[in-house]
Structures are given as C-alpha cells and as structure tokens.
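**Q** There's a structure below that I have some questions on.
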Amino acid sequence: MKYVSTRGHSASQTFTDILLEGLAPDGGLMVPEQWPRLTRPKLDVMRDLPYPRLAFEILRFFADDFPGAELKALAERTYTAEVFGTPEITPLSTLEPNLHLLALSNGPTLAFKDVAMQLLGNLFESVLEKQDRHLNVLGATSGDTGSAAEHALKGKARVNVFMLSPHGRMSPFQRAQMYALQDSNVFNIAIEGMFDDCQDVVKSVNLDPEFKARHAIGAVNSINWARVVAQVVYYFKGYFAATGTNDEQASFAVPSGNFGNIFAGYVAKRMGLPIRRLVLATNENDVLDEFFRTGRYRPRKAAETQATSSPSMDISRASNFERFVWDAVDQDGDKVAWLWKQLEEKGGFDLSTDRAWEKIEDDSGFVSGRSTHEDRVKTIRHVKERYGVVIDPHTADGVKIALRVREPRHPMICLETALPAKFDETIVEALGEHAPRPASFEGIEALPQRYEVMRADPEAVKAYIASRTDLHRGSMQ
C-alpha cells in the first residue's frame, strides 16, 4: 500500500513514511493510492473477532510495510480492558429495535478520540525507538483531541506535545483534562480565537519545510492518516454487533466537526462494509450540512463561527473533507488543488454542477442535518426519559438527526462521542441534575493548570516551540 497527496504533487510513500507526518509537502493530505476491498468470506471471518484482532486485520491492509507480528502486538497492547474498561472496547447498546448507541468513550479521557490516539501513541513510540528519533507533535483541538493526544503521549521519552486550543472556548472539564497535566513533555497553548484559528496555525507551521525538518514536527490531528485508519475499526465492530449476517445494511449517525470520524465510516464503506447511510450531524456551524444539501462548500471565517453547547464541533473548515472531495472527483489531485485554490481566493467552491455531485448524491451514502442548542437539550431529555440513558450534547446532535432520517427496516447506529460529564452545564439545563461522573474525575476542575495564552500567530508559535526544543535538536535530526 502506497500513499499519495490529495493535491497530486508529492511522491508516493509507505505507511511508516507518513506515520509521523502532518500535511504533505504540497499542502495536501496523504491518502492511499487505492482502497482495499474485502471479500464476503473475509467479512464473515472478521465478524466474531475480538477487538484487538479485528483492529489488526484492518490495520494490516493500510500498514503492510509494518512487521505483522509487531502490529498485532501493538493492537493487543492498546485495546485492553484495563485501558478501556471493557474487553469489548466499543460496546453496543440497544435503545429500541434497530436503534443503537455505540459507546466510544470508555478510554482515559472519556471521548472517542482515545480509541485512535492510544494506538497512535504506541505506533509513534515503536517507530521512533527503531529509528532513534525524537518528535515534536503539533496539534490543534476543539476539545477532545488535545486531551486524548496528551494522555496517550505524556511521559513518552521521545515525544513532546504542543497542543493549541481556543482560549475560553472549551468546557471547564475539557480544559482541566489538558491544562492540569504536569508532565514535562506536554505544552498547552491557548490561542485567542476559534478552533479554526488553531488549525490554521498548525497548517502554516507544517508548510514551513525548513522549520518542520529542523524541529521534527509531527501531527496527531485527524490529518494524520493513522488516526483515520484506527477509527475505521469501530465501524466494523459496530456493524457486526448490530446485525445478524453480512447480508444486512446498517446506517451510522455521526456528529461531525472536522470530518475525520465520519470519513472513517466512508473508508469502511469503500472497503465493502455494507453501510447504507452515513448520517452527518452538525450543530449551528453547519458548513458540512450545507454542502451535502446543496453542493456548495463555504467555510465561515472565525468571526462567523458560533460558540455552541457542542463546542467540539464549533468548526467551519473541516480538514478531512479534502480527502472526501479527492475521492469524489475520481482522485484527481490537480482538480483538488484547483478547488482549494478557489477556496483560498474566493472563499468556497460549488460542485453542484460538477459530474462529481451525481456520484456524491447517488453513491456516497451521505445524508445530513443540523441541530441547535434547543434540539440538543430536547434530545438529551428525550433519550433520558424514554431509554434511561444520559448522552452528551454532541451525541445528542447525532441522535437528533438519526431519529429524523432512520429507516425502520435498517439498524441505525448512533456514535457516542463523549461522556456527558464533560459537558455538565448543558446536562443540568436539560435534566435538572448533574451528569454522572466517574469517581476518578471528581474535582478535576480544581487542579492546578499550566498553559500559555498566545495570539493566532504562526511565527509566535514557532518561536515558542523552538525555545523549548533547541536544546534537544541534535537528537531530533
């Protein structure tokens, strides 16, 4: 398996080559040259596999240059009951016939990002050790990616983590999960602005090849392909748990901000998993919903991006969307590069009259919808009253749209994205009571916090990174 850039002007590379990288040299994202296709006998064999073995079987399609025995051992070391609280890793619960909730928030930071990030941390450690290298991970978070990355990489001798987050835009619980970490290899930078400003800084730094090489800059955002691959696994696990045979189709409802989580479902569908619909749910920042309804992609400026009660989705420029468009335009890198130039110069592009739009409408499986704060509160209350389950505001966005578009004959699997304890204020508003909180997280908001507030200036961030890594530069070459 070789990887190329969505913009068509980077040499093909192996999985190990791209594992530690962020953007491709031409500014695009790395994607596989072709999608693996699973035969029906292979799907049948995979149906009853435990999670670690299922992860290995899927990962080996995309990481065929990685030693098989080592990859299998990494999956087994990552996906344990000790780390995720259950041997199922992502257990499925049934709310009513053909309506399910896939629990993805059993990891160390109570969010779905842990499922991929725990594996990524172990992959990084393995490759860096073999290559005798160090890495400075630079990432941006709207809430959950940051804490998942930091908890996966804290204390690892060969990695520093520089995480950018929007100052004052996350929940108190989310901030505490990140800023209260005291590990010497973790650096939190609170950017004055929105998540998109943080993401723009990360992209700008990645587009400085001299700085990137000098300071060994790597990525853990969902621009990192390994993150996407690790998330593909739970679509297979959820499908197998919700269906009786591989003859059935099932749909997935996914709260979407940066498009990485639902794009993993699209990859699973392209591999041959019988996915009927990919239900994309946005909050008030509805750029993606607008695209799938109209064919027009119009990212908003930071000043136009609303702060909502599902803050991890307060995103108006979705990085992974470029990977989807690349596939929709028949993997034409030059066309993607042209479209993203239109995005830069004109603020958007329109595919509604392009031949790709028919393919998107007919074959991609995407349907979409928009949820508001009032919708979230009502959905949280409805799910608690009818099913006795408390869900977080982001999951509520997904459930709200799932209930609107579900088809009675086909299982609808709603992806849980975080535990409600992370968003207590909204839970109190919806239910009149505090969200259930694991005992180990009591009082987390009162812990001492360590972070730097900075403006959204790539040069200032680069200076900050350089000031903390120059002493170690010799070991990073």
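**Q** Among the numbered criteria (1) within 30 Å of R386 (Cα to Cα); (2) modelled with pLDDT under 95, which single criterion is violated by G146?
**A** (1)
This table checks each residue for (1) of a type outside the set (A, V, I, L, M); (2) surrounded by fewer than 20 Cβ atoms within 10 Å (Cβ to Cβ); (3) closer than 30 Å to L54 by Cα.
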| position | (1), (2), (3) |
| --- | --- |
| G107 | yes, no, yes |
| A111 | no, no, yes |
| M117 | no, no, yes |
| L123 | no, no, yes |
| V127 | no, yes, yes |
| F162 | yes, no, no |
| G168 | yes, yes, no |
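**Q** A follow-up question, please. Can you run down the residue pairs with Cβ atoms below 9 Å, 6 or more apart or on separate chains, where the first is in the range 95-120 and without any contact (Cβ under 8 Å) to a residue 24 or more places away in the chain and the partner is assigned to a loop (DSSP other than H, G, I, E, B) and of a type in the set (S, T, N, Q)?
**A** N106/T86; N106/T90
**Q** Shifting gears a bit: Surrounded by 16 or more Cβ atoms within 10 Å (Cβ to Cβ) and either outside any helix (DSSP H, G or I) or in contact with a Gly (Cβ under 7 Å, 6 or more places away or on another chain) (or both) - does that describe any residue in the range 58-65?
**A** Yes.
**Q** Which fully enclosed helices (runs of 4 or more DSSP H) of the range 167-217 have 3 or more residues being at pLDDT 90 or above and within 26 Å of A24 (Cα to Cα)?
**A** Per the criteria, 195-206, 209-214.
**Q** Continuing with the same structure: Residues in the range 129-147: is at least one surrounded by 23 or more Cβ atoms within 10 Å (Cβ to Cβ), among the aliphatic types (A, V, I, L, M), closer than 23 Å to A318 by Cα and within 15 Å of the chain's Cα centre (by Cα)?
**A** Yes: the range 129-147 contains one or more residues that are surrounded by 23 or more Cβ atoms within 10 Å (Cβ to Cβ), among the aliphatic types (A, V, I, L, M), closer than 23 Å to A318 by Cα and within 15 Å of the chain's Cα centre (by Cα).
**Q** For the range 233-249, check the following and say yes or no: at least one residue is of a type in the set (A, V, I, L, M), outside any strand (DSSP E or B), surrounded by fewer than 21 Cβ atoms within 10 Å (Cβ to Cβ) and modelled with pLDDT of 95 or more.
**A** For the range 233-249, residues of a type in the set (A, V, I, L, M), outside any strand (DSSP E or B), surrounded by fewer than 21 Cβ atoms within 10 Å (Cβ to Cβ) and modelled with pLDDT of 95 or more: present.
**Q** Picking from I223, I262, which residue would you name as being of a type outside the set (D, E) and not in a helix (DSSP H, G or I)?
**A** None of the others qualify; the one that does is I223.
**Q** Listed residues N160, N185; which is touching a residue at least 60 places away in the same chain (Cβ under 8 Å), farther than 18 Å from A418 by Cβ and over 19 Å from the mean Cα position of the chain (by Cα)? Even if it seems obvious, please write down each step before you answer.
**A** Values: N185 fails: touching a residue at least 60 places away in the same chain (Cβ under 8 Å).
Every option except N160 fails the conditions.
The values are calculated or read from the model by the stated rules, or taken from the named source; none is laboratory data. Quick caveat: nothing in here was measured; it's all calculated off a predicted structure. Cβ sites come from the backbone with ideal geometry, for glycine too, and all protein chains shown count toward neighbours.
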